[in-house]
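In what follows, a structure is listed as structure tokens, so that the remarks can point back to it.
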Amino acid sequence: PDTVDAEIQRLLDKGYICPWSQLLNELELPLDTEPDVILPIGVLTKMETGGRVKHRVLLDPSRENSDGLSLNESAKQALGDLPTRYANIDFAAAAVNSRSWIWRADFEDSYMQIPLARSCCRFAVIRWRGQLLVYKRGAYGHATLPRAQQTITVAIMRATVRRMQQADLSCGTPPAWDHTNTFCYPRAAHWGHKHTAVMCLLDDVAGFGNSERAASF
């Protein structure tokens with residue numbers, strides 16, 4: 001419980017969540033309006049580089065309701081089959097040789113940088129310490145968010161490649177809008193500087209260059 005208390009307070013301080021009553025005021029709805037669903041929560045604890053322990057509160061929209069249907073299953077039925085594709089180790093291996101340089105980036109609280117439509121907030125409510133709290137941003141557990149995050153990251157990667165090309169840096173093919181990746185191979189060093197490839201997996205991004213200068217650009 002102490003771990004959840006600390007994470008809930010962090011989310012409140014960031015503005016990612018707020019009391020349900022505050023959202024009702026913002027939407028000018030009656031204060032006795034009930035949320036459509038109150039989701040169970042869990043906690044994921046992981047060890048990061050340097051030994052720092054990170055705790056993350058997860059929602060559980062896959063828990064079935066009295067009708068035997070979960071929120072995640074309902075979303076999948078409503079949206080149809082929308083695949084999410086990621087780069088794998090084969091694409092990374094193809095982009096490097098013994099002279100390659102690699103950079104990486106990680107977006108902080110990536111799902112929570114995605115604002116929820118106000119009409120969707122009523123499906124992202126939890127109860128903690130007797131208080132109803134609502135997520136105004138994306139939260140870990142919703143089955144539709146990985147595709148949304150991957151699409152946003154692909155958009156950022158494509159924009160980044162476009163700006164590098166406008167600065168006359170040769171670049172490999174970035175991920176396509178359907179999330180598919182192209183095998184991009186490094187050019188021999190004597191052919192000049194090249195940013196070989198860029199690829200992403202949700203909030204993690206990796207870039208590859210055939211020189212330090214190209215990779216650090």
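If I build a Gaussian network model for the chain, linking alpha-carbon pairs within less than 10 angstrom, which residue out of 43, 134, 161 has the largest mean-square fluctuation?
With Cα springs under 10 Å in the chain, the top fluctuation among 43, 134, 161 is at 43.
Per residue, what volume in Å³ does the Cα convex hull of the chain take up?
In the chain, the Cα convex hull volume per residue is 158 Å³.
If you wrap a convex hull around the C-alpha atoms of the range 1-64 and split its volume per residue, what is the figure in Å³?
It is 119 Å³ per residue.
Regarding the range 152-217, what whole-number volume in Å³ per residue does the convex hull of its Cα atoms give?
74
Which order, highest average first, do 53-65, 203-215 follow once you tally other Cβ atoms within 10 Å for each residue and take the mean per peptide?
203-215, 53-65
When the Cα centres of the range 166-217 and the range 40-118 are compared, how far apart do they sit, in Å?
23
Could you tell me what fraction of 2.2 N^0.38 Å the Cα radius of gyration of the range 73-159 comes to, as a two-decimal ratio?
1.45
At 1.4 Å probe size, with the rest of the protein present, what percent of the exposed accessible area of the chain is carbon and sulfur atoms?
52
Assuming a ≥ b ≥ c are the square roots of the Cα gyration tensor eigenvalues, decide whether the range 28-73 counts as rounded (a/c under 1.5), prolate (otherwise, with a/b larger than b/c) or oblate.
Cα axes put the range 28-73 in the oblate bin.
Please work out the ratio of the alpha-carbon Rg of the range 31-120 to 2.2 N^0.38 Å and round it to two decimals.
1.60
Leaving out ligands and nucleic acids, note down the accessible area per residue over the chain with a 1.4 angstrom probe, in whole Å².
58
Any idea how far apart residue 79 and residue 46 come out in nm if each label point goes 7 Å out from Cα toward Cβ?
Computed distance between label sites residue 79 and residue 46 equals 2.0 nm.
Testing the spin-label approximation: label points 7 Å from Cα along Cα→Cβ at residue 89 and residue 33. State their distance in nm.
Between residue 89 and residue 33, the simple spin-label model gives 5.0 nm.
So if we plug the beta-carbon distance of residue 98 and residue 213 into 1/(1 + (r/R0)^6) with R0 = 22 Å, what FRET efficiency do we get, rounded to 0.05?
0.85
The values are calculated or read from the model by the stated rules, or taken from the named source; none is laboratory data. The shown structure was predicted, so the numbers you read here are calculated from the model rather than taken from an experiment. Here the Cβ is made from the backbone with ideal geometry for all residues, glycine too, and neighbour counts use every protein chain on show. To get the accessible areas, we keep the full protein, side chains included, count just its heavy atoms, and leave off ligands, DNA and RNA. Shrake-Rupley method; radii C 1.70, N 1.55, O 1.52, S 1.80 Å.
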